[in-house]
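Comments concern the structure below.
Since every read-out is calculated from the coordinates, none of them should be taken as a lab result. Just so you know, these numbers come straight off a predicted model, no measurement behind them. Backbone-built Cβ (ideal geometry, glycine too); neighbour counts: all protein chains shown.
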Amino acid sequence: MKTKLCPPDSANIDECAAAIKAGGLVAFPTETVYGLGTNALLEEKVGQIFAAKGRPADNPLIVHIGSVRQLKKAAVDIPDRAYRLLRSPLMPGPLTLVLKKAPAIPYIVTGGLDTVAVRIPKNAIAKRLLTKADVPVCAPSANKSAAPSPTTAAHVLADLDGSIEYILDGGPCEIGLESTVLDLTVDPPCILREGGTPRSAIESVIGRVGVSCDTAAAAAASAPKSPGAKYKHYAPRAAVYTAEPDERAEVGRFYDRETAAGKRCVILSMTETPEGPRAEWPVGKTAADYAKRLFAYFRRADEAGYDVIIAVKPPHNADDVSEAVINRLNKAAVGRV
Ligand code: TXA
Ligand code: MG
């Protein structure tokens, strides 16, 4: 199959919307990462997404809709908390709600679950595409399974060229990591995946929410766990080692030791390492800057042939995306400095 890379003009958006409706595979920008979408109602077409990504069948897909008007096509028994979030400034945006599945959504989309994850992206291109397609669109991130999520059209092309029909090129994604996944079928609601919407923002609308044991917030609340191979995910080929924000000296020593052993190393950090000529890529001054660059840097390090990425975590703050950045770093890491 020839993959068509398209600028997001209205003729191309119309063509892509028609392709999605017919069950074709279209990669499109959202404010978080690029998604790989097709018509969620066409059971036999949804399988192509799992095949193109190499994704396990029991990992459910997020259903994307253009506006709240389409919500009832995807979900039923929608709780009041969902409407409070939908009316809040958080939505549309990087927040995915797990709700009770509507009968029309096939089980292949939800990995056999009776719940469905629903998201309304804020990105204008995604919104026009979804509104035009006028069907629920299931879309995982448009990367090969286990690779870092794509934040540019070039990343999508690198992973999926030849196995999908279209890529709408909307430039680099604004947030750079995936949406927060919030389960509203349990009480209190529970964050299943930290992401672009901070926990405190959600709590300001619906009150206290829980966090699943797989999140950075849960790890911070209990003993910090060393990320084992079973959490490896979102990972570049290079070995990722993490450091706490105050471990600058340890970072320098680790870098020098690995370099002496013949490894090519690069440091990702919000502040400069004090001494020594070391390869260091600035991730910006805020957790939001870090989020925007993280996956692109993972891919760049692999392209440039680095063996080791030393990532200094952002300071933990429940009010920003630091929890999501820390979660992705923990999942990608093979160890600590
Ligand atoms: O920002 C995003 O969420 C991006 C863009 C494209 O929208 N999408 C994305 O999709 O990250 P994906 O497939 O890479 O991740 C979907 C996450 C997975 O962790 C999956 O297990 C979870 O959502 N999920 C989907 N349906 C679920 C359900 N019914 N119950 C619990 N978790 C669910
Ligand atoms: Mg993904």
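Between Ala158 and Ala249, the simple label model (points 7 Å from Cα in the Cβ direction) yields a spacing of 3.6 nm. Peptide packing: for 119-130, 322-333, 245-256, the average count of neighbouring Cβ atoms within 10 Å per residue gives the ranking 322-333, 119-130, 245-256, highest mean first. In the chain, a dipole from Cβ-located charges (positive for Lys and Arg, negative for Asp and Glu) runs towards its positive end, and of Pro282, Pro148, Thr96 it is Thr96 whose Cα lies farthest in that direction. Separation of segment 1-19 from segment 133-168 is 13 Å, based on Cα centroids. Farthest toward the positive end of the dipole of the chain, out of Val109, Val251, Ala219, is the Cα of Val109, where the dipole comes from beta carbon charges about the Cα centre.
Give me the one-decimal Kirkwood hydrodynamic radius in Å for segment 1-52, with the sum taken over alpha-carbon pairs.
Values: mean 1/r = 0.0858 Å⁻¹.
Across segment 1-52, the inverse of the average 1/r is 11.7 Å.
Here segment 56-126 is treated as an ellipsoid with the same Cα gyration tensor; its semi-axes, largest first and in whole Å, are 20, 14, 10. Taking amide H positions as modeled 1.01 Å from N, with prolines and chain starts lacking one, the residues under 5 Å from Val76 and 5 or more places away or on another chain are Lys100, Lys101, Ala102. Express as a percent, rounded to the nearest 5, the fraction of DSSP beta bridges in the chain (both residues included) that run antiparallel. About 40 percent, rounded to the nearest 5. Of the residues Val337, Ile310, Ile164, the one whose Cα sits farthest toward the positive end of the charge dipole of the chain, with +1 on the Cβ of Lys and Arg and -1 on the Cβ of Asp and Glu, is Ile164.
Taking the Cα centre of the chain as origin and charging only Cβ (+1 Lys, Arg; -1 Asp, Glu), how large is the dipole, in debye to the nearest 20?
Details: 42 positive and 38 negative charges, 83 e Å.
With only Lys, Arg, Asp and Glu charged at Cβ, the dipole is about 400 debye.
So what's Rg/Rh here for the chain, counting alpha carbon atoms and using the Kirkwood radius for Rh?
So for the chain, dividing Rg by the Kirkwood Rh gives 0.97.
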